Ligand SMILES: Cc1cc2nc3c(=O)[nH]c(=O)nc-3n(C[C@H](O)[C@H](O)[C@H](O)COP(=O)(O)O)c2cc1C
């Protein structure tokens, strides 16, 4: 066992440790709009649920070095207080990856990737029509964990509406094979969600 002190390790190496250790990570494919209504779409794998009552999800945007430290997604959430999380199934993997290109704020990643925007019910950012499950969210809180390059700014949002493809649902249970979600490992590696096992909780 090797003990590693983060204070002695460069930020990009700490990042490698974390994305190698915290696996697999689900992917929030986040759609937003800026104050003028320009659309944005980007994936975030520092993503999870924070509670179900009320339903709250969170994702973390990392801080860059250089003149534009904050990701467009974060700037848009700050400006509008709204976002949509679209779940990424394997069929969307390549297009999801295209939207992670570091492009100028005025670039619409829906156009870049060829994905289809459809109107949300309650928030301005559109949903990704090709995504089989989506969550319309209202900003709950932004937690600036660190403003250093590589630091995280955590965005928490309350889910105002869930959208799930009918064919996935048995009551409120979602069929994981039909959802076919992917997760992210380290670097360019992803996982499928077909290899599962069941283990009932102890009484
Ligand atoms: C699968 C995947 C997961 C990613 N996860 C994160 C993440 O959790 N946090 C982050 O800041 N960037 C993450 N990125 C990089 C962003 O998607 C990328 O910086 C993107 O250009 C940000 O877009 P924006 O500036 O339009 O918000 C990820 C990229 C990929 C492909």
* Structure fact -> Stretched fully, the stretch from residue 147 through residue 23 gains (0.36 nm per residue minus C-alpha distance, one decimal, in nm) 42.2 nm
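Using only DSSP helix segments of four residues or longer, with each worth -39500 (n - 2.57), what per-residue ellipticity at 222 nm results for the chain after dividing by its residue count and rounding to 500? List each step's numbers first, then the result.
Details: 5 runs with 35 residues, N = 203.
Result for the chain, helices only: -4500 deg cm²/dmol.
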* Taking the mean number of other Cβ atoms within 10 Å as a proxy for protection, how do you rank 175-183, 29-37, 78-86 from highest to lowest? -> 78-86, 29-37, 175-183
* In whole percent, what relative contact order does the chain give with Cα contacts below 8 Å and a gap of six or more residues? -> 24 percent
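With the radius of gyration and the Kirkwood radius both derived from the Cα set of the chain, what is their ratio Rg to Rh? Before the final figure, lay out the partial values.
Details: Rg = 17.3 Å, Rh = 17.9 Å.
Result: Rg/Rh = 0.97.
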* To do: With an 8 Å cut-off on Cα pairs and a minimum separation of 6 or more residues, tell me the relative contact order of segment 1-79 in percent.
  => 23 percent
* **Label-to-label distance, nm, for residues given as residue 104 and residue 48 (7 Å Cα→Cβ offset)** => 3.9 nm
* Taking the Cα centre of each part, how many Å lie between segment 138-170 and segment 43-105? -> 8 Å
* Asked: Under a point spin-label approximation (7 Å from Cα along Cα-to-Cβ), what is the residue 97-residue 15 distance to one decimal in nm?
  -> 1.8 nm
* Which of the peptides 134-142, 104-112 is most tightly packed, and how do the rest follow, judged by the mean count of other Cβ atoms within 10 Å per residue? -> 134-142, 104-112
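Set the Förster radius R0 to 35 Å, insert the Cβ-Cβ distance between residue 174 and residue 112 as r into 1/(1 + (r/R0)^6), and round the FRET efficiency to 0.05.
On the way: r = 29 Å, r/R0 = 0.82.
Computed FRET efficiency for residue 174 and residue 112 comes out at 0.75.
Only the coordinates and a few stated rules stand behind these numbers; no lab work does. All values reported here derive from a predicted model rather than from experimental measurement. Note that each Cβ is placed from the backbone with ideal geometry, even for glycine, and that neighbours are counted across all protein chains shown.
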